[in-house]
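A short worksheet on the structure shown next.
The values are calculated or read from the model by the stated rules, or taken from the named source; none is laboratory data. In this text the structure is predicted, and so the values were computed from the model without any measurement. Backbone-built Cβ (ideal geometry, glycine too); neighbour counts: all protein chains shown. To get the accessible areas, we keep the full protein, side chains included, count just its heavy atoms, and leave off ligands, DNA and RNA. Shrake-Rupley method; radii C 1.70, N 1.55, O 1.52, S 1.80 Å.
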Amino acid sequence: EAQVTQNPRYLITVTGKKLTVTCSQNMNHEYMSWYRQDPGLGLRQIYYSMNVEVTDKGDVPEGYKVSRKEKRNFPLILESPSPNQTSLYFCASSLLGTGSSDEQFFGPGTRLTVL
Amino acid sequence: GQSLEQPSEVTAVEGAIVQINCTYQTSGFYGLSWYQQHDGGAPTFLSYNALDGLEETGRFSSFLSRSDSYGYLLLQELQMKDSASYFCAVRGNTDKLIFGTGTRLQVFP
């Protein structure tokens, strides 16, 4: 089954404790990205990657890191989480350059609470 | 800056037609997409317009006017299950994907 998986789905942590949210897709997609969703603010892109070893900042990259060592995986790293990073996080993937569609496939989401 | 504007909320009754508008201001433009998100769920793709005009997919249609930086999603024969949030999204020339803040659609019996 074609899908994007994220782990963990729920996480409660404390300020300053490094954490990683994993994201994996099995569709051989080039483009992967991370979003955070906060009430009234919609989905805001944190980082995106066009392919292996190619990453770029989205609109809200501060406090986050990513890596793309393999095509299928795109982990999100919070080196020193703070309470303002409490949010719902989505990973997404898509093909690039089809011209006829820009369909993003989203993972199920990770609800993060930083105390 | 780059931004997309859409209404925050729309209400309608079952069987009706509703239009959700989206105006955008972005650096470059490759296409306008629409996503549906039910409460507690992930966004799911509905449609994509790269060229001017209307794209129809069943009860849902999406329209784009590049000259007006404007698009809309048209939902016909509304059903209760259409109650959800709807987001427009634009990919600009930096390959960032910018989403609107979402329109919450409530369908009443």
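Go through segment B:76-98 and give me each residue that's modelled with pLDDT of 95 or more and either touching a helix residue (DSSP H, G or I) at 6+ places or on another chain (Cβ under 6 Å) or of a type in the set (D, E, K, R) (or both).
B:E77, B:K81, B:D82
Return a yes/no flag: does segment B:72-81 have any residue that is within 14 Å of chain A (Cβ to nearest Cβ) and either out of contact with any Cys (no Cβ under 6 Å at 6 or more places or on another chain) or acidic (D, E) (or both).
No, segment B:72-81 has no match at all.
As an exercise: evaluate B:S85 against (1) outside any strand (DSSP E or B); (2) closer than 25 Å to A:G107 by Cα; (3) within 12 Å of chain A (Cβ to nearest Cβ) and give the number of the one condition it does not meet.
With respect to (1) outside any strand (DSSP E or B); (2) closer than 25 Å to A:G107 by Cα; (3) within 12 Å of chain A (Cβ to nearest Cβ), B:S85 is out only on (1).
Under the condition of being of a type outside the set (G, A, S) and part of a loop (DSSP other than H, G, I, E, B), which residue from segment B:88-109 is nearest to the chain's Cα centre (by Cα)?
Of everything passing the filter in segment B:88-109, B:T101 is nearest to the chain's Cα centre (by Cα).
Return yes when B:L64 is open to solvent by less than 80 Å² (accessible area, probe 1.4 Å), over 19 Å from B:L105 (Cβ atoms) and modelled with pLDDT of 95 or more and no when it is not.
yes
Scan segment A:60-96 residue by residue and report those that are modelled with pLDDT under 95 and surrounded by fewer than 16 Cβ atoms within 10 Å (Cβ to Cβ).
A:L95, A:L96
Here is a list of conditions, (1) under 30 Å from A:D56 (Cβ atoms); (2) out of contact with any Lys or Arg (no Cβ under 7 Å at 6 or more places or on another chain); (3) touching a residue at least 12 places away in the same chain (Cβ under 8 Å), and B:Q19 meets all of them except one; can you say which number that is?
(1)
Name the single residue that is surrounded by the fewest Cβ atoms within 10 Å (Cβ to Cβ) among those in segment B:88-109 being away from chain A (no Cβ under 11 Å) and farther than 30 Å from A:E30 by Cα.
B:P109
Among the residues of segment B:67-87, write down those that are open to solvent by less than 10 Å² (accessible area, probe 1.4 Å), within 12 Å of the chain's Cα centre (by Cα) and farther than 23 Å from A:P39 by Cα.
B:G71, B:L75
Do you know which residues across segment A:34-65 are touching a residue at least 12 places away in the same chain (Cβ under 8 Å) and away from chain B (no Cβ under 14 Å)?
A:V52, A:E53, A:G63, A:Y64, A:K65
Out of segment A:6-35, which residues are among the hydroxyl-bearing types (S, T, Y), open to solvent by less than 50 Å² (accessible area, probe 1.4 Å) and touching a Ser or Thr at 6+ places or on another chain (Cβ under 8 Å)?
Residues satisfying the conditions are A:T13, A:S24, A:Y31, A:S33.
Residue-wise test of (1) closer than 20 Å to B:R91 by Cα; (2) buried (at least 18 other Cβ atoms within 10 Å of the Cβ); (3) among the basic types (K, R).
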residue: B:A12; (1), (2), (3): no, no, no
residue: B:F29; (1), (2), (3): yes, no, no
residue: B:S33; (1), (2), (3): yes, yes, no
residue: B:S47; (1), (2), (3): yes, yes, no
residue: B:D52; (1), (2), (3): yes, no, no
